[in-house]
Amino acid sequence: ILKTRGGISQVTLSPDGRRLAFTNRRGDHGFIGVYDFETRTVTHPDPSVDGDSNPVFSPDGSRLAFLREAANSLRLPFAPVREAEPWSIHSFDFRSGVAREVFRADRGRGSAFSGLASPRQILWSADDRLVFPWEKTGWLHLYSVGAAGGPPLALTAGEFEVEHVSPGPFGTTVVYSSNA
């Protein structure tokens, strides 16, 4: 169905089956593409020269959220990165065609994105919240933010790292494992 010069990864189907979102990696950057099965077109919501990844659809398929890491966030192999240009979460509304930033990590500790061992880094809950990992305290924990933005809410706390996460039944709970 889709052919690109870069590499396609993180393919996800919308809950309504109308769209397929994917990450198109281009070496020094990546962007989100969306294939629409009805119109047979590919669009790129909110393209940039940054590193966009981890697309996730809202439960009704009308919106898409994804991670954005700044293009200048240099990552060396096997070297820990604790601070960088802050990463963010963006949202795109298919009905209005409007993209917006809904979360931005604070500068300093936790500003460099550190992901989970799970295949998905963002979960979209049934109550319209985005669940994501953040190393804000120096420990990798789960947070949530309203899909329209707002202050982040810590879901886990303590001296441990969250490692895996999965949505519970009906999108109302989150199941996680940690090294606690």
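The values are calculated or read from the model by the stated rules, or taken from the named source; none is laboratory data. Just so we're clear, the structure is a prediction, and the values are computed from it rather than from any experiment. Don't worry about glycine lacking a Cβ; one is built from the backbone with ideal geometry, like all the others, and counts go over all protein chains shown. Accessible surface is based on the protein model in full, side chains and every heavy atom, while ligands, DNA and RNA are left aside. Shrake-Rupley method; radii C 1.70, N 1.55, O 1.52, S 1.80 Å.
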Query raised in the report: Take the residues of the range 137-180 that are in contact with a Pro (Cβ under 8 Å, 6 or more places away or on another chain) and open to solvent by 50 Å² or more (accessible area, probe 1.4 Å): which is farthest from residue 101 (Cα to Cα)?
Result: 175
Query - Test result for residue 88, at pLDDT below 90 and open to solvent by less than 30 Å² (accessible area, probe 1.4 Å) - result: no
Report summary line: Looking across the range 1-32 at residues that are over 17 Å from residue 67 (Cβ atoms) and modelled with pLDDT of 75 or more, the single one that is surrounded by the fewest Cβ atoms within 10 Å (Cβ to Cβ) is 17
**Report entry** Within the range 33-57, considering residues that are in contact with a Leu (Cβ under 9 Å, 6 or more places away or on another chain) and in a loop (DSSP other than H, G, I, E, B), the one surrounded by the fewest Cβ atoms within 10 Å (Cβ to Cβ)
**Finding:** 37
Query raised in the report: Which one of 79, 117, 112 is within 24 Å of residue 157 (Cα to Cα), of a type in the set (A, V, I, L, M, F, W, C), open to solvent by 20 Å² or more (accessible area, probe 1.4 Å) and modelled with pLDDT under 95?
Result: 117
Report task. Please indicate, with yes or no, whether at least one residue in the range 98-107 is touching a residue at least 24 places away in the same chain (Cβ under 8 Å), of a type in the set (Lys, Arg), outside any loop (DSSP other than H, G, I, E, B) and within 24 Å of residue 59 (Cα to Cα). Result -> yes
